[in-house]
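Below you'll find the structure, written out as structure tokens, and then a few comments.
Coordinate-derived values only; no laboratory data. All figures in this text were calculated on a predicted structure; none of them were measured in a lab. Here the Cβ positions follow ideal geometry from the backbone for every residue, glycine too, while neighbour counts run over all protein chains shown.
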Amino acid sequence: MRFHFYVAALAATVAAGPAFAQAVTTASDTTSATAKGVVLQAHQLVKDTDLDFGVVTVDSAKDGTVTISADSSGTRTFGGNLGVTGLPSSFQAASFDGLAAPSETVQLTLTPPSGSVLVSTSNSNDKITVTSLDLDSGGATRTTDTTGQFKVYVGGTFTLNAGQPAGVYSGQFDLRADYQ
């Protein structure tokens, strides 16, 4: 019987083993990560000044052109058949201020006034042809500076007919900036 007693004791020990076993702990680690993102400045393109070729006279027998340079000076020159003469007045290139992300590429698109004409405010049949609109030397593709700012000047050439009727002429053109 002794033999059974030892076997029974051994069996009881094996059966009770898991209940008396030490509790198993799970392993864990903690680490950190950074939450981050980039906030861009608002994209903006704002007109600073209008394109203005000033006050001119036109010869009754000769046509001519008036050109405003596309730069900060907005220099005014005359050409064509030299029938256009500038009178003392203010004139300037259009200027625009832009804002984007620092060192961002900006693609500019210039759209002339409807029909490429300036129309008299007193008679819609009187028109001046917009021969060209020109961006400054920065061109159509530019990169913003380290603050995200950029400046654009627009000049143009306008053809006046001989005997062009007197009046105030205007036409809206668009400058579009696509940010890339």
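Some points to look at:
- Cβ crowding within 10 Å averaged over residues, with 119-130, 94-105 ranked highest first: 94-105, 119-130
- Modelled this way, with points 7 Å down the Cα-to-C-beta line, the labels at residue 179 and residue 137 are 2.8 nm from one another.
- Crossing angle, helix 2-20 versus the chain [Cα axis fit, 0-90 degrees, rounded to tens]: 20
- Based on alpha-carbon atoms, the Kirkwood radius and the radius of gyration of the chain give Rg/Rh equal to 1.82.
- Net charge of Cβ neighbours under 12 Å - reference residue 152; Lys, Arg +1; Asp, Glu -1: -1
- Cβ-defined net charge surrounding residue 94, 15 Å radius [Lys, Arg +1; Asp, Glu -1]: -4
- 12 Å beta-carbon shell around residue 164, net charge (K/R +1, D/E -1): -1
- Around the amide H of residue 75, modelled in the peptide plane, lie the amide H atoms of 69, all under 5 Å away and 5 or more residues distant in sequence or on another chain.
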